[in-house]
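Below is one structure; the comments refer to it alone.
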Amino acid sequence: MTVKTIIFDLGGVVVPENGNFIMNEFAAHLGVTRQRLDKVVKRAWPKATSGKMTLLNLCERIVKKTNRKITPEDAFAFYMREYKKTSFYRNHKILNLIEQLKTKYNVVCLTNTETEIADFNKQNGLFDLFNKAYLSTELKTRKPKKKIYKIVLKDLKNKPDEVVFIDDNQSYIDTANILGLNTILY
């Protein structure tokens, strides 16, 4: 086995995992419990991260299901403001590692994201750290679906054993292992 490509997850590896912080703030802003918000978004969130609905569409659903007196646009704007508060932090040890690895390997990222968050991160250069960025919304599928890993492997023209996949989510690692990728749980 010769490793050719290193695949990094973003949230929780390169950038902080800010989902809990944002959702707690979002629930408070909407005047609902976090449990209520989680129940409303449970089925819809995978649609937002696989490009089947936008984050604004998700906010429309949340506002409707929680009967809040706020517009979906206001809910979306609040969510984006909260995301932006934590979006510029980078794990500098990991950034240094990425730069070192790029001298010998193809270094890419694979991330579950929402369309608007991806657009924001593109504008702010997050994906420029990598030789290529694979975004769930563009691939129309998400981790831990086997399909997303297969799409990435095919595009990379790599066999599973030529890839190391680094993620902080055990279920994403488990699927990659099933497919034969080398994995590191961060």
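Checked against (1) crowded, with 17+ Cβ neighbours inside 10 Å; (2) without any contact (Cβ under 8 Å) to a residue 40 or more places away in the chain; (3) assigned to a loop (DSSP other than H, G, I, E, B), Ile148 passes all but condition (3).
Considering the stretch 73-111, the residues that are in contact (Cβ under 8 Å) with a residue 60 or more places away in the chain and within 11 Å of Ile6 (Cα to Cα) include one that is surrounded by the most Cβ atoms within 10 Å (Cβ to Cβ), namely Leu110. Evaluate the stretch 162-172: report whether one residue or more is open to solvent by less than 70 Å² (accessible area, probe 1.4 Å), of a type in the set (D, E, K, R), in a helix (DSSP H, G or I) and touching a strand residue (DSSP E or B) at 6+ places or on another chain (Cβ under 8 Å). Within the stretch 162-172 (the criterion being open to solvent by less than 70 Å² (accessible area, probe 1.4 Å), of a type in the set (D, E, K, R), in a helix (DSSP H, G or I) and touching a strand residue (DSSP E or B) at 6+ places or on another chain (Cβ under 8 Å)), the answer is yes, since at least one residue qualifies. Here Thr113, Thr103 are screened, and the one residue that is part of a loop (DSSP other than H, G, I, E, B), among the β-branched types (Val, Ile, Thr) and over 18 Å from the mean Cα position of the chain (by Cα) is Thr103.
Within the stretch 58-72, the residues that satisfy the criterion of being part of a helix (DSSP H, G or I), in contact (Cβ under 8 Å) with a residue 12 or more places away in the chain and open to solvent by 40 Å² or more (accessible area, probe 1.4 Å) are Glu60, Arg61, Lys65.
The rows are residues; the columns are (1) out of contact with any Lys or Arg (no Cβ under 8 Å at 6 or more places or on another chain); (2) closer than 24 Å to Asp119 by Cβ; (3) of a type in the set (Ser, Thr, Tyr).
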| site | (1), (2), (3) |
| --- | --- |
| Ala27 | no, no, no |
| Leu30 | no, yes, no |
| Thr33 | yes, no, yes |
| Leu56 | yes, yes, no |
| Asn67 | yes, no, no |
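Does the stretch 64-100 hold any residues that are at pLDDT below 95 and hydrophobic (A, V, I, L, M, F, W, C), and which are they? Listed by number, the residues that qualify are Ile70, Phe88.
The values are calculated or read from the model by the stated rules, or taken from the named source; none is laboratory data. The structure presented is a predicted model; accordingly, all values stated were derived computationally and were not measured. All Cβ positions, even for glycine, are placed from backbone atoms using ideal geometry, and neighbour counts span all protein chains on display. What goes into the accessible areas is simple: the full protein's heavy atoms, side chains included, and nothing from ligands, DNA or RNA. Shrake-Rupley method; radii C 1.70, N 1.55, O 1.52, S 1.80 Å.
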